[in-house]
Amino acid sequence: MADEAKAKGNAAFSSGDFNAAVTHFTEAINLAPTNHVLYSNRSAAYASLNKYIEALADAKKTVEVKPDWGKGYSRLGAAYVGLSQYSDAISAYKRGLEIDPNNEALKSGLADAQAGAARSRAGASPMNPFGDAFSGPEMWAKLTADPSTRAFLQQPDFVKMMQEIQTNPSNLNLYLKDHRVMQALGVLLNVKLRGGPAGAEDEEIPESPPAPKQPEPRKEEKKSEPEPEPMEVSEEESEAKKRKAEAIKEKEAGNAAYKKKDFDTAIQHYTKAIELDDEDISYIMNRAATYLEMGQLEDCIKDCDKAVERGRELRADYKMISKALTRKGTALVKMAKGSKDFEPAIEMFQKALTEHRNPDTLKKLNDAEKAKKELEQQEYFDPKLADEEREKGNEYFKQQKYPEAIKHYTESLRRNPKDPKAYSNRAACYTKLGAMPEGLKDAEKCIELDPTFAKGYTRKGAVQFFMKEYEKALETYQEGLKHDASNQELLDGVRRCVQQINKASRGDLSPDELKERQAKGMQDPEIQNILQDPVMRQVLIDFQENPKSAQEHTKNPMVMNKIQKLVSAGIVQLR
């Protein structure tokens, strides 16, 4: 089912229907939430829609699920570029290149991010009075993020005008009479170009006390014309207005008490405000926040539910609905004791994100999912069952049934992820099956968990020997001998490596062996660095043309160590 949804998403993406692509990839993710490719694909679809915050969230999830996949960092870098966060983009691309140095997409993305950073530092061009306001994907991201311009992007004529201005900023003069273009220009330049009263948002409890207002200079009193008499209002309207004013005063008093951590007093004021005016859910929200601070989580959840219900009746701002759902999720997280308890909290955060996608809720969702996963591992932890599973794996290993053995070693590690023996045994299975990268990874994890466990070094050395990385295998065996100097497997490993290295030094390799070893050596980053080192280049020239200088080089241990690596790789032959 997940593959079918993924295929539909890919087809929609290829045809340019990015909204449909997002829908299909989301369906696939719901069916296979641990598939990193699905998050990567949805990130690309969001980026194509200029929804870079969503693209960034999916890219982060991609590298979280599959941290050793270079393409995930390419998605991460692209999302950061879309948000003009060039330094983060550069870091992401560089991390990806550490994993996959030959990835052309990562190299190209890094160059673009560095160029964007340079443009950002250089500032606006004097030829364009509006700087880079219309350049790059940042323009669409800003227009999408701002509520006053988001709806314009659904209007084809507006999109066409903005595309023409983006292509040639001087075209702006052609559309200055269009109020939508002027509104967009104000958003892009962070200035207010149109007059009119600003819509006040629902006030939340401030994080910190506001700075004291400076006294305004006294103005000269001027005689003004008498103002017209206010229009008469009904007694009911007057009473309602009075109650709203009193409710605001109660809220302000509650905020002041909250800042002083006088939560009981704050509750009294917020409750009074709710009684005076039931058409403003910010009073309920503030009381819920206070209950949360007091640890009265059930009361907090009731207020959040009440705020959502009343908010929908009043058609309140979706951001306030999202905030109420997020606050309820936070309370549920605090109440959670087991992994199952995190499920309703995760559901609340997901519902909040459907109302308003914002970084704070995304972080809370990711933290809750991570905490749930960690608790599941703790609840599954059972060393006794882990030992039983490892023994079952050992029996299958003796019967040379390596896939079945791997299954039991894997279950053993789920029960006890800190057991170096299970990693060592599974590494042996992978080696037998020719899965060298997996075997090397398990052997390294075994050594990480117990650096004194000799088996870990024999497993790692064996994998490196089979991969014909004799120098690295020799180093591994020698490191193991530091912990167990009489271990026969390690001693035999050293002997085999020395034989292969000496074979190359004597020039005893067949033409095919030499060609294979040279090709493998040229792919080794360490060999590449040695060959690109100007000092080592001169050393190699001296060995060929200047015997006296070459004699001096042989006295330098670091130089001879690098020469030996080149000899072992078949790049250099000493006669």
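The values are calculated or read from the model by the stated rules, or taken from the named source; none is laboratory data. It should be emphasised that the depicted structure is a prediction, and the values quoted were computed from it without experimental measurement. Cβ: placed from backbone, ideal geometry, glycine included. Neighbour counts: every protein chain shown. Heads up: the accessible areas ignore ligands, DNA and RNA and are worked out on the full protein's heavy atoms, side chains in. Shrake-Rupley method; radii C 1.70, N 1.55, O 1.52, S 1.80 Å.
Spin-label model, Arg357 to Glu4: label points 7 Å out along the Cα-to-beta-carbon direction sit 2.6 nm apart.
At a 10 angstrom cut-off on C-beta neighbours, averaged per residue, how do the peptides 77-90, 406-419 rank from highest to lowest?
On the way: 77-90: 21.9, 406-419: 19.5.
Per-residue mean Cβ counts within 10 Å order the peptides as 77-90, 406-419.
What is the chain's relative contact order, in percent, from Cα pairs under 8 angstrom and six or more apart in sequence?
Numbers: 674 pairs, mean separation 26.6, N = 575.
Computed over the chain, the figure is 5 percent.
Report the FRET efficiency, 1/(1 + (r/R0)^6), for Ala32 and Leu433, where r is their Cβ-Cβ distance and R0 is 22 Å, rounded to 0.05.
Details: r = 26 Å, r/R0 = 1.16.
For R0 = 22 Å, the calculated efficiency reads 0.30.
Return the whole-Å distance between the Cα centroid of the range 155-184 and the Cα centroid of the range 465-490. The range 155-184 and the range 465-490 have Cα centres spaced 68 Å from each other. Per residue, the accessible area of the chain comes to 60 Å² when a 1.4 Å probe rolls over the protein heavy atoms.
Of the solvent-accessible surface of the chain, computed with a 1.4 Å probe over protein heavy atoms with every protein chain present, carbon and sulfur atoms account for 51 percent. For the peptides 152-163, 264-275, the ranking by packing is 264-275, 152-163, with the highest mean count of neighbouring Cβ atoms within 10 Å listed first. In the range 367-451, a dipole from Cβ-located charges (positive for Lys and Arg, negative for Asp and Glu) runs towards its positive end, and of Pro417, Ala435, Leu385 it is Ala435 whose Cα lies farthest in that direction. When peptides 276-286, 519-529, 61-71 are sorted by average Cβ neighbour count within 10 Å, with the highest value leading, the order is 276-286, 61-71, 519-529. Taking the C-alpha atoms only, the angle from helix 383-398 to the longest principal axis of the chain is near 40 degrees.
For the chain, adding -39500 (n - 2.57) for each run of n ≥ 4 DSSP H residues and dividing by the number of residues yields -23000 deg cm²/dmol at 222 nm.
Leu38 sits among other residues whose Cβ lies under 15 Å from its own Cβ, and their net charge, with Lys and Arg +1 and Asp and Glu -1, is +2.
Ranking Ala89, Leu76, Leu49 by how far each Cα lies toward the positive end of the dipole of the range 39-127 (charges on Cβ) leaves Leu49 at the top.
Summing +1 for each Lys or Arg and -1 for each Asp or Glu, what net charge is found among the other residues whose Cβ lies under 13 Å from the Cβ of Lys328?
Value of the local net charge: 0.
In a simple Cβ point-charge model (Lys, Arg +1; Asp, Glu -1; nothing else charged), the chain has a dipole of about 2220 debye relative to its Cα centre. Taking the longest Cα principal axis of the chain as reference, the axis of helix 454-466 is set at about 80 degrees.
Report the residues of the range 314-355 in range of a label on Tyr380: point 7 Å along Cα→C-beta, backbone N strictly under 18 Å from it. Under 18 Å, as judged by backbone N against the label point of Tyr380, lie 338-343 of the range 314-355.
Distance between the 7 Å Cα→Cβ label points at Thr452 and Lys94: 3.8 nm. Which of rounded, prolate, oblate describes the range 388-484, given a ≥ b ≥ c as roots of the alpha-carbon gyration tensor eigenvalues and a/c under 1.5 marking rounded, otherwise prolate only if a/b is larger than b/c? Here the range 388-484 falls in the oblate category. Across the cross-link table entries Lys260/Lys328; Lys61/Lys401; Lys251/Lys373; Lys71/Lys160, which are compared at the Cα atoms, the separations over 28 Å belong to Lys61/Lys401; Lys251/Lys373; Lys71/Lys160. The computed P(r) over Cα pairs in 10 Å bins from 0, in percent for the structure shown corresponds, within (i) 3, 14, 21, 24, 21, 11, 4, 2, 1, 0; (ii) 3, 11, 16, 19, 18, 14, 10, 6, 3, 1, 0; (iii) 3, 13, 15, 13, 14, 17, 16, 8, 1, 0, to (ii).
Name the shape class, rounded, prolate or oblate, that the alpha-carbon gyration tensor gives for the range 248-292, where a ≥ b ≥ c are the square roots of its eigenvalues, rounded holds for a/c under 1.5, and otherwise prolate holds if a/b is larger than b/c and oblate otherwise. Numbers along the way, then the final one.
Details: a/c = 2.05, a/b = 1.50, b/c = 1.37.
Judged from the Cα gyration tensor, the range 248-292 comes out prolate (a/c at least 1.5, a/b above b/c).
Between the helical axis of 86-99 and the longest alpha-carbon principal axis of the chain there is an angle of about 30 degrees. A cut-off under 13 angstrom between Cβ atoms defines the neighbours of Gly9, and their net charge, with Lys, Arg +1 and Asp, Glu -1, is -2.
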